[in-house]
1. Can you give the Rg/Rh ratio of region 56-108, where Rg is from the C-alpha atoms and Rh is the Kirkwood radius?
2. So who's got an amide H within less than 5 Å of the one on residue 89, skipping anything under 5 residues away but keeping other chains? H placed 1.01 Å off N, in plane.
3. Of 85, 76, 11, which has the most accessible area with a 1.4 Å probe, and how do the rest follow in descending order?
4. Expressed as a whole percent, how much of the Cα-Cα distance distribution for the chain exceeds 16 Å?
5. Between helix 5-29 and the chain, what is the angle of the helix's C-alpha long axis to the longest principal axis, kept within 0 to 90° and rounded to the nearest 10?
6. Name the most mobile residue of 35, 84, 99, meaning the one with the largest mean-square fluctuation, in a Gaussian network model of the chain with Cα contacts below 10 Å.
7. What are the ³J(HN,Hα) couplings of region 87-103, residue after residue, when phi is run through the Karplus curve with 6.51, -1.76, 1.60 and θ = phi - 60°? Round to Hz, x for glycine and proline.
8. What ³J(HN,Hα) values, in whole Hz, does the Karplus curve 6.51 cos²θ - 1.76 cosθ + 1.60 give for region 37-54 when θ = phi - 60°, with x put for Gly and Pro?
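The values are calculated or read from the model by the stated rules, or taken from the named source; none is laboratory data. Here the structure is a predicted model, which means the values were calculated and not measured. For the accessible areas, the whole protein counts, side chains as well, though only heavy atoms, and no ligand, DNA or RNA atoms are used. Shrake-Rupley method; radii C 1.70, N 1.55, O 1.52, S 1.80 Å.
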Amino acid sequence: MRLRLRDICALVGINMLYACVGICTKMAAMQPMGSWPYLLWFGGAVGIIGAYAILWQQVLKYIELSTAYMFKGTTLIFTMLIASLLFGEAITIPNIVGSLIIIIGITLLARA
């Protein structure tokens, strides 16, 4: 199955959305348990997961599961980038190598 640019953008966008769950949960963890900020961040994570689940089901109407699932690895890349930008976490050589392996694997499988 040949992927169109629209399909690739949808898959990458959905996984980018899912990577935002990590932001919400980390921000919630930085708040006192049960406080309003904690509940808001935690609620944001639950809301994002809900939106992701609905969007994922919509994508699966048009793209085969085996094809769509190979893009799940992009979530790790987006999470790493977001953690670096927002929380100052380091991106190491092994992180870069792993990201390149994910991207190469997706590219090879998408062209097959």
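1. Numbers: Rg = 13.4 Å, Rh = 12.4 Å.
Here Rg/Rh amounts to 1.08.
2. Distant-sequence amide H within range of residue 89: 84.
3. Greatest to least solvent exposure: 85, 76, 11.
4. Distances greater than 16 Å cover 64 percent of the Cα pairs.
5. 20 degrees
6. Looking only at 35, 84, 99, the biggest GNM fluctuation is shown by 35.
7. In residue order, the calculated couplings are 10, x, 6, 6, 9, 9, 4, x, 4, 5, 4, x, 5, 5, 4, 4, 5 Hz.
8. Coupling constants for region 37-54: x, 4, 5, 5, 5, 5, x, x, 4, 5, x, 5, 4, x, 5, 4, 4, 5 Hz.
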